[in-house]
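The values are calculated or read from the model by the stated rules, or taken from the named source; none is laboratory data. Keep in mind it's a predicted model, so treat the numbers as computed, not measured. Methodologically, a virtual Cβ is constructed for each residue, glycine included, from the backbone with ideal geometry; neighbour enumeration extends over all protein chains shown.
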Amino acid sequence: MSRQKVLFIGGTGRISAHCVDSALAKGFEVFVLNRGQTAMRPVAGGAQYLKGDARDPASVRAAVKGLDFDVVVNFVAYTAADVTSDLEIFRGHAGQYVFISSASAYQTPPARLPVLESTPLHNPVWRYSQDKIAAEDVLVKAYREENFPITIVRPSHTYDQGSVPMIGQWTSIARMRAGKPVIVHGDGSSLWTLTHARDFAKGFAGLLANPYAYGEAFHITSDEAPNWNAIVRTLARAAGVDDPKIVHVPSDAIAMVDRAWGDALLGDMAHSIYFDNSKLKSLVPEFICTTPFAEGAREIMAWFDANPKWKIVDSAKDETMDWLADAYAPRGR
């Protein structure tokens, strides 16, 4: 009996690389389509590589010519135009189309917690989230009107060993280690759900070629939701810093000096959020998160210390953090 074929468009990102690994482990025949330019996470051994540019429909058509797939997963589709193009390419050639949306598409700030898949989609601030909602609308319409077999997955903040779950990425860790202050929005007490990509992938793989997932949406998150002060201190301990210098800055003030950072905060990260994963667990009972953030933070530091070329400091972000720290640090510290 031939193995089921899964195409990952992307497949080398912080989430998708782990999902490729999980799909291979479950016995799928895996294809990965991208431009071949990502060096941090190479295409997994065992996957077949297809060279193509997801932003260029003609390139995708050429890469998949003559191939049909049981599942197509697009990790780099962001807009209604992106998924409309995919529908045109994969109609009649995919048994299931999985769109990677975002938990930031949920009502922001949420009126009720925990967040469910039935929580309304509405983000009045962040264009990224608005585009994801518009893309979902296109796919839901295709499912309703033509029974196109779509599944929508909404990750929240998902990290792996090569990604620091703070604004500024390694810049924030470099500041800690240098004894410089790090910026935390608000008073640091809002709750934030962090999920290791390895755990995310467990839940994700169970949705592939699963007919009970067709026409449905799922978020995939950990049940661990520390506050931002705790997140920073956990990362600091893993980095060998006992007492990080935290400076609290209102999110509105951050948005005034850094629009992109402000949109990510006001459109997502500044609001407490945690999730009910019962819907996913009913379909994928093996979904159990086993990487607590303290362990994940240690993995991050070990990986970066072993791969120093990725210790990239964003000079513009570093300068912005200097300015905010100087403006908002308690006097006398």
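How many of the residues making up the range 306-333 are within 22 Å of A230 (Cα to Cα) and at pLDDT below 95?
Of the residues in the range 306-333, 3 are within 22 Å of A230 (Cα to Cα) and at pLDDT below 95.
Take the residues in the range 188-217 that are touching a Lys or Arg at 6+ places or on another chain (Cβ under 7 Å) and surrounded by 22 or more Cβ atoms within 10 Å (Cβ to Cβ), then tell me which one is nearest to G95 (Cα to Cα).
It comes out as A205.
A quick yes/no check of all residues on (1) in contact (Cβ under 8 Å) with a residue 40 or more places away in the chain; (2) in a helix (DSSP H, G or I):
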position	(1), (2)
A255	no, yes
L266	yes, yes
I273	yes, no
T291	yes, no
R298	yes, yes
D305	no, yes
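Look at W303 and say whether it is at pLDDT 95 or above, among the hydrophobic types (A, V, I, L, M, F, W, C) and within 13 Å of D160 (Cα to Cα).
Yes; evaluated as a whole, the condition is true for this residue.
Tell me, yes or no, whether the range 247-263 has at least one residue that is under 18 Å from the mean Cα position of the chain (by Cα) and either within 28 Å of V98 (Cβ to Cβ) or in the same structural domain as L116 (by TED's automatic domain parsing) (or both).
Within the range 247-263, one or more residues are under 18 Å from the mean Cα position of the chain (by Cα) and either within 28 Å of V98 (Cβ to Cβ) or in the same structural domain as L116 (by TED's automatic domain parsing) (or both).
Output the residues belonging to the range 149-187 that are touching a Lys or Arg at 6+ places or on another chain (Cβ under 9 Å), hydroxyl-bearing (S, T, Y) and more than 19 Å from A270 (Cβ to Cβ).
Selection gives S163, T171.
Residue check: is Y106 of a type in the set (F, W, Y), farther than 28 Å from W310 by Cβ and either in contact (Cβ under 8 Å) with a residue 24 or more places away in the chain or not assigned by TED's automatic domain parsing to the domain that holds F204 (or both)?
Yes.
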